[in-house]
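Heads up, the thing below is written out as structure tokens.
The values are calculated or read from the model by the stated rules, or taken from the named source; none is laboratory data. Note that the structure is a prediction, hence the values are computed from the model and not measured. Methodologically, a virtual Cβ is constructed for each residue, glycine included, from the backbone with ideal geometry; neighbour enumeration extends over all protein chains shown.
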Amino acid sequence: MIAGWINRHQQAVIAYQREETKVLREMLGGKRLRFTDGQRRRLALKAKALSRFTLRELGPLVTPDTLCGWFRKYAGAKYDSSGKRRPGRPPKPQHIRDLVVRLAKENTSWGYTKLRDVIFTLGHEIGRTTVRRILAEDGIEPAPERRKHMPWATFLKTHWGAIAAMDFFKVEVMTLVGPVRYSVLVVMDLETRHVEVAGIVREAYEKWMIQIVRHLTDAVDGFLIGKTYVIMDRDPVFTARVRDMLSHAGAKPIRLPRRSPNLNPFVERVIGSVRRV
């Protein structure tokens with residue numbers, strides 16, 4: 001009984017709405033209705049649940065075909081991603097792009113083909129042209145140019161175990177004749193942070209430095225055994241002869257630009273610690 005009453009009630013509501021639509025048409029006198037996009041969307045969403053036969057029976061303000069067209073255009077627009085698609089292939093995921101950039105920065109001698117092969121070994125398929133485009137977008141030069149213009153931080157990380165650094169600092173010593181200033185030469189192994197006090201002198205000079213270099217590069221117990229590079233500033237005591245001796249011993253001197261203590265921060269930090277003691 002309840003179901004029958006609900007059905008009769010619904011039929012009465014539908015009949016009234018149908019008659020109301022007919023009256024609205026008669027009042028308009030055949031004039032064309034102007035719907036907004038919001039109204040079209042609302043009608044299309046409601047009409048989607050009804051069949052064409054039901055729509056014809058209801059006598060809507062527009063035809064069922066028009067309602068279907070509105071649904072495809074307005075209600076189904078959120079499923080259309082054609083406007084967001086770019087021409088060509090989709091870009092590589094960010095984690096692959098980061099991997100390409102990291103490998104290129106840490107291995108300056110690797111070209112596009114080598115990077116592609118290594119990344120393929122790691123389980124990611126990528127083309128040589130894609131590697132080149134990723135590096136270009138990140139501002140990384142090709143392998144030959146990267147070797148010429150290696151960043152300082154990359155140089156340190158690449159040759160970490162083969163780099164030593166040396167520098168002078170001054171200390172005041174109280175003697176019988178009063179305070180005397182001495183120059184202390186320290187050498188550091190950047191990998192182990194081991195520090196060697198290479199020599200102490202009142203005023204450093206070339207012959208003294210040559211003797212110090214002989215001790216540092218001694219084949220038996222020299223501190224610079226196995227070191228390929230020695231970082232130093234442009235102190236005049238590091239003369240051309242001193243630098244040549246280091247080069248012949250296999251420790252190439254790397255002279256820092258003027259007024260750049262931040263490029264030799266590890267030794268500078270040790271010196272600062274000594275001065276604060």
Check: Counting just the residues of the range 216-248 that are part of a strand (DSSP E or B) and among the aliphatic types (A, V, I, L, M), which one comes out nearest to residue 162 (Cα to Cα)?
Finding: 230
Next item on the list: Quickly run through the range 23-59 and pick out the residues that are touching a Gly at 6+ places or on another chain (Cβ under 9 Å) and either modelled with pLDDT under 70 or not in a helix (DSSP H, G or I) (or both).
Entry: 25
Next item on the list: Go through the residues of the range 67-82 one by one and say whether even a single one is surrounded by 15 or more Cβ atoms within 10 Å (Cβ to Cβ), modelled with pLDDT of 70 or more and charged (D, E, K, R).
Entry: no
Item checked: Options 165, 143, 153: the member that is at pLDDT 85 or above and under 26 Å from residue 254 (Cα atoms) -> 165
Margin query: Given (1) closer than 19 Å to residue 252 by Cα; (2) assigned to a loop (DSSP other than H, G, I, E, B), identify the lone condition not met by residue 192.
Written below: (1)
Notebook entry, point to check: Out of all the residues in the range 90-97, is one or more at pLDDT below 65 and in a loop (DSSP other than H, G, I, E, B)?
Noted result: no
Notebook entry, point to check: What pairs come up if the first residue lies in the range 232-259 and is assigned by TED's automatic domain parsing to the domain that holds residue 188 and under 15 Å from residue 210 (Cβ atoms), the second is modelled with pLDDT under 95 and in a loop (DSSP other than H, G, I, E, B), and their beta carbons are under 6 Å apart, counting only those six or more places apart or on different chains?
Noted result: 232/238; 237/204; 249/217; 251/224; 251/227
Note to self: Just the residues that are touching a Lys or Arg at 6+ places or on another chain (Cβ under 7 Å), surrounded by 15 or more Cβ atoms within 10 Å (Cβ to Cβ) and outside any loop (DSSP other than H, G, I, E, B), please, taken from the range 98-122.
What the structure shows: 112, 116
Notebook entry, point to check: Does residue 217 fit the bill of being under 22 Å from residue 266 (Cα atoms) and out of contact with any strand residue (DSSP E or B) (no Cβ under 9 Å at 6 or more places or on another chain)?
Noted result: yes
Margin query: Criterion first (in contact with a Lys or Arg (Cβ under 9 Å, 6 or more places away or on another chain) and of a type in the set (A, V, I, L, M, F, W, C)) does residue 231 satisfy it?
Written below: yes
Next item on the list: Please specify each residue of the range 123-132 satisfying the condition of being crowded, with 16+ Cβ neighbours inside 10 Å and of a type in the set (Lys, Arg).
Entry: 132
